[in-house]
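**Student:** To start, I am sharing the structure in question, which I have written as structure tokens.
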Amino acid sequence: MRGLADLHRHLDGSLRESTLRELAVAAGVEVPRDLRFTPGMGLDQALACFRVTVAALQRADALRRVASEACEDATRAKVTTLELRFAPQLHGAIEPAIDAVLDGLAGRAGLILCALYGEPPAQVEALVRAGARRNGVVAIDLAGGPAPAHAWELGDYAAAFRLAAELGLGRTVHAGEGRPPSEIRTAITELGAQRIGHGTTLLADPDVAELVRERGVVIEACLTSNLHTGVISQIAYHPLPRWLEAGIRACICTDNTLFSATSSEEEHALARTIPGMTDALMAQAIHNGHAAAFTR
């Protein structure tokens, strides 16, 4: 029987807590007693939590281990279509970091490489080229979020994402995560995004919603994560069922299983509690997840 799909799961936010604490001791990294996200904490505070996990994952053997365990954990949560993502530039030399994660995945999941908002476009292009040379890397992402101090804006990454398309990589972008829906438009029309991470403000602009619907762009919905970062105030207010009802392709993802203390099964069960969600819409969301997986 076909299981669940999880297309938006960050490797360094989804390792086992026991593994993190073991690796942190070896790396001399202090791990807070409570490292879970909390409702309304905000995106900046949530992103700061990754400093601990990234610091503990600076060795190839650590990356290989957590990638393998992430696949095992996903299988236990009935996930049969899995994509994991990480920013290899945060883990030492880029290419060895990618290779270590691919070794750990062993073909059980597609790998998405995360560029980060604010990075120089030339660095993003280098990441694209490194990914395109490797079987198992299926896409490029732009993760994190824009900040006033950044010298580079979303549109500045258009050339790097065009290169990704030319080299056969899929394209997804964190956009509209509580920020204006114009960000989603830019991601689609200038960066050629085929999927959008979060996209919670999508329905605030009917023209952008229509663009998403017309282009068949898939929204990677991360319910608990959206509650934690404060872009929704209650799970009951999440727009997922309204997206699906309007013919927008959306799927259900975990984002960070460790930080949000969740699993794919739990996220799907949570989605079922949103007013307006029906069995038919749930089935559509699951179908969308499998159908939208990047392949090369």
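The values are calculated or read from the model by the stated rules, or taken from the named source; none is laboratory data. Source: prediction; values computed, not measured. All Cβ positions, glycine included, derive from the backbone under ideal geometry; neighbour counts span all protein chains shown. Each accessible area value is taken on the protein alone, full model and side chains, heavy atoms only, with ligands, DNA and RNA left out. Shrake-Rupley method; radii C 1.70, N 1.55, O 1.52, S 1.80 Å.
**Student:** What are the pairs with Cβ atoms under 7 angstrom where one residue, in segment 263-285, is buried (at least 19 other Cβ atoms within 10 Å of the Cβ) and the other, located anywhere, is among the polar types (S, T, N, Q) and assigned to a loop (DSSP other than H, G, I, E, B)? Sequence gap at least six, or different chains.
**Tutor:** Ser263/Thr254; Ser263/Thr257; Ser264/Thr254; Glu267/Thr254
**Student:** Among Thr295, Thr224, Thr257, which is the only one that is within 21 Å of the chain's Cα centre (by Cα), at pLDDT below 95 and of a type in the set (Val, Ile, Thr)?
**Tutor:** Details: Thr224 fails: at pLDDT below 95; Thr257 fails: at pLDDT below 95.
Being within 21 Å of the chain's Cα centre (by Cα), at pLDDT below 95 and of a type in the set (Val, Ile, Thr) holds for just one of Thr295, Thr224, Thr257, which is Thr295.
**Student:** Exactly one of (1) open to solvent by 30 Å² or more (accessible area, probe 1.4 Å); (2) touching a helix residue (DSSP H, G or I) at 6+ places or on another chain (Cβ under 8 Å); (3) part of a loop (DSSP other than H, G, I, E, B) is unmet by Ala149. Its number?
**Tutor:** Result: Ala149 passes all but (2).
**Student:** May I pose another question? Can you name the residue in segment 122-142 that is open to solvent by less than 20 Å² (accessible area, probe 1.4 Å) and without any contact (Cβ under 8 Å) to a residue 60 or more places away in the chain and is also farthest from Ser182 (Cα to Cα) among such residues? Before the answer, list the steps.
**Tutor:** Here is the first cut: in segment 122-142, the ones open to solvent by less than 20 Å² (accessible area, probe 1.4 Å) are 124, 127-128, 130-131, 137-142.
With the extra rule that they be without any contact (Cβ under 8 Å) to a residue 60 or more places away in the chain, the set shrinks to 124, 127-128, 130-131, 140-142.
Working: Val124: 22, Leu127: 26, Val128: 25, Ala130: 30, Gly131: 28, Ile140: 21, Asp141: 18, Leu142: 16 Å.
Once the filter is applied, the top-ranked residue is Ala130.
**Student:** A further question on this structure: Does Arg85 count as open to solvent by 70 Å² or more (accessible area, probe 1.4 Å) and among the basic types (Lys, Arg)? Reasoning before the result, please.
**Tutor:** Numbers: open to solvent by 70 Å² or more (accessible area, probe 1.4 Å): no; among the basic types (Lys, Arg): yes.
Answer is no for this residue.
**Student:** Sticking with this structure for a sec: Working only within segment 54-75, note down all residues that are closer than 26 Å to Leu4 by Cα and not charged (D, E, K, R).
**Tutor:** Answer for segment 54-75, where residues must be closer than 26 Å to Leu4 by Cα and not charged (D, E, K, R): Leu63, Val66, Ala67, Ser68, Ala70, Cys71, Ala74, Thr75.
**Student:** Still on this structure, I have one more. Provide a single number: the residues in segment 103-121 that are in a loop (DSSP other than H, G, I, E, B) and open to solvent by less than 30 Å² (accessible area, probe 1.4 Å). Step through it out loud before you land on a result.
**Tutor:** Start the filter on segment 103-121 by keeping residues that are in a loop (DSSP other than H, G, I, E, B), which leaves 106-109, 117-120.
Retained after the next criterion (residues that are open to solvent by less than 30 Å² (accessible area, probe 1.4 Å)): 109, 117-119.
So the count comes out to 4.
**Student:** Let me ask you something else. How many of the residues making up segment 32-68 are open to solvent by less than 80 Å² (accessible area, probe 1.4 Å) and either touching a strand residue (DSSP E or B) at 6+ places or on another chain (Cβ under 9 Å) or assigned to a helix (DSSP H, G or I) (or both)? Before you say what the answer is, go through the steps one by one.
**Tutor:** Of the residues in segment 32-68, the ones open to solvent by less than 80 Å² (accessible area, probe 1.4 Å) are 32, 35, 37-38, 40-43, 46-50, 52-57, 60-63, 65-68.
From what's left, either touching a strand residue (DSSP E or B) at 6+ places or on another chain (Cβ under 9 Å) or assigned to a helix (DSSP H, G or I) (or both): 43, 46-48, 50, 52-57, 60-63, 65-68.
Number of matching residues: 19.
**Student:** What about Phe161, is it touching a strand residue (DSSP E or B) at 6+ places or on another chain (Cβ under 7 Å) and either open to solvent by less than 40 Å² (accessible area, probe 1.4 Å) or at pLDDT below 95 (or both)? Explain how you work it out, then say what you get.
**Tutor:** On the way: touching a strand residue (DSSP E or B) at 6+ places or on another chain (Cβ under 7 Å): yes; either open to solvent by less than 40 Å² (accessible area, probe 1.4 Å) or at pLDDT below 95 (or both): yes.
The answer is yes for Phe161.
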